[in-house]
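A.B. asks: Let me give you the structure first, and then I'll get to my questions.
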Amino acid sequence: MRPNCELFDRHPGNPILTAAELPYRANTVFNPGATQFHDETILLLRVEDRRGISHLTVARSKDGVRGWRIDGAPTLAPDPQHYPEELWGIEDPRITYLEELGHWAIAYTAYSPGGPLVSLATTSNFRAFERMGPVMPPEDKDAALFPTRFKGRWAMLHRPVSAMAAAAGAHIWISWSPDLRHWGDHRILIPARRGGWWDAGKIGLSPPPLRTPEGWLILYHGVRMTASGALYRLGLALLDLDDPMKVIARSDEWLAQPEHDYERFGDVNNVVFPCGWIGDGDELRIYYGAADSRVAMATAKVSALLDWLRANSGISKSRSLDQFFP
C-alpha cells in the first residue's frame, strides 16, 4: 500500500495558478471546477475581486498544467439584476457533463443576502451560459450532479446547513429531480461524524462523483475546528453504481491535509479544497483551491485510491447511520 503522500501526489510546480497570472486585477483565484473540452482542459476558476465579490472565469490549457489561456474578463459574472440571489457573488463551481442532454451542467453557490444557496447553469461551449436559477434554498452549498439518471431521475449531492448545525452537524445529502429544476426526496447520505474525528461536525462534497468499475468515487472535505481555527482535510467514500443511496465504503482516515506553505497560509489558512477532477483511464488530475488564495493540482491513480479505501473503510452496506448519531 502506497503512503498517503503518493496517493495524493502534488504537482512539483504548485501552485499552478495565482491572481498574478490573471489578465485583470483580482485578489485571489481558487476552487476551480474542471472538465475536458475537446482537446483542452477547462478550469472554471473562482476569482475574488478586490471588493470581496466572487465571479467565475474560464482558463484553458493543452496539458492541464501550464500554458493557461485565461479569459480577459469574467466569463460568468454575478447578475443580481435578474438573479438577486447572486448579489454577493457566485462561487465554487462543480462541472458535470450530461451526455443525455449534450451539455455541461455547473452547480455553483450563489451568495445571497439570505445566505449561500445552490444554483445551476448549463453550457455547450464555456463561452455562453444559460442560468437555471436557484434549485436549493439557503443555507446550502457544495453541490454537484451525477452525470446520468437513475430510474428516470437526476441525482444531486449537496450540503445544507441548519441553524442547529453546531449541534446537529452539516452532512452530505442526496436529492432527486425529474427535470433538474424541481428537487425533492431529500435524505442524508454521508453524515458528519461526532467527537474527535477529522470529519466531525461539518463535511461537504468536493469534486463531482466519479464513475469507477467499483462504484461512484466520492472525494469529500471534512472541517475540524482546532484551537487555531478550521482545518480542512480530504477523505473518500464509495457509492453503489446503480443505487447511489447505498454507501459501500467510507475512509476512517483522511487522505490529504494542508502540508505546504501555499496550502497553509493565505486568505483562509489550512485549506485544501478540490472542486474538480479529470480522469483519463486510471490517471486522475485533481484541481484544488489552496488556502482560498491560489490553484494547485495533484495526481492520483483511481485503482490506488480504491485499494486504499478498501483498506481504510469503516462502513459497509450492513451498517446504519445510527453509528454517527449515538
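A.B. asks: Please give, to one decimal in nm, the separation of the simple spin-label points placed at LYS246 and ARG69, each 7 Å out from Cα toward the Cβ.
C.D. replies: According to this spin-label approximation, the distance is 4.6 nm.
A.B. asks: With a cut-off of 14 Å, note down the residues of region 187-228 whose backbone N falls inside the zone around a label point 7 Å from the Cα of ARG310 toward its beta carbon.
C.D. replies: 213-215
A.B. asks: While we're looking at this one, here's another question. Students often get this wrong, so try it: which of [x] 20.2; [y] 19.6; [z] 21.8 is Kirkwood radius over Cα pairs in Å as calculated from the structure shown?
C.D. replies: The value matching this structure is [y].
A.B. asks: I need SER119, SER162 ordered by Cβ neighbour count within 10 Å, fewest first.
C.D. replies: Working: SER119 23, SER162 12.
Least to most surrounded, the residues fall as SER162, SER119.
A.B. asks: Another question about this same structure. Test of the criteria: in region 82-178, which GluC sites (Glu not before Pro) are in a DSSP loop and have at most 12 other Cβ atoms within 10 angstrom of their Cβ?
C.D. replies: Passing both the DSSP loop test and the Cβ count: GLU99, GLU100.
A.B. asks: Using Cβ contacts closer than 10 Å as the measure, can you line up SER177, SER251, SER112 from fewest to most?
C.D. replies: With the sparsest Cβ surroundings first, the list reads SER177, SER112, SER251.
A.B. asks: For region 176-218 and region 113-156, what is the separation of their C-alpha centers, rounded to whole Å?
C.D. replies: Each part reduced to its Cα centre gives a spacing of 14 Å.
A.B. asks: Taking neighbour Cβ counts within 10 Å as the exposure measure, how do ASP307, ASP292, ASP63 sort from fewest upward?
C.D. replies: In increasing order of surrounding Cβ atoms, one gets ASP63, ASP307, ASP292.
No lab work stands behind these numbers, since they all come straight from the coordinates. Fair warning: this is a prediction, and the values are worked out from it, not measured in the lab. Here Cβ is always computed from backbone atoms with ideal geometry, including for glycine, and neighbour counts include all displayed protein chains.
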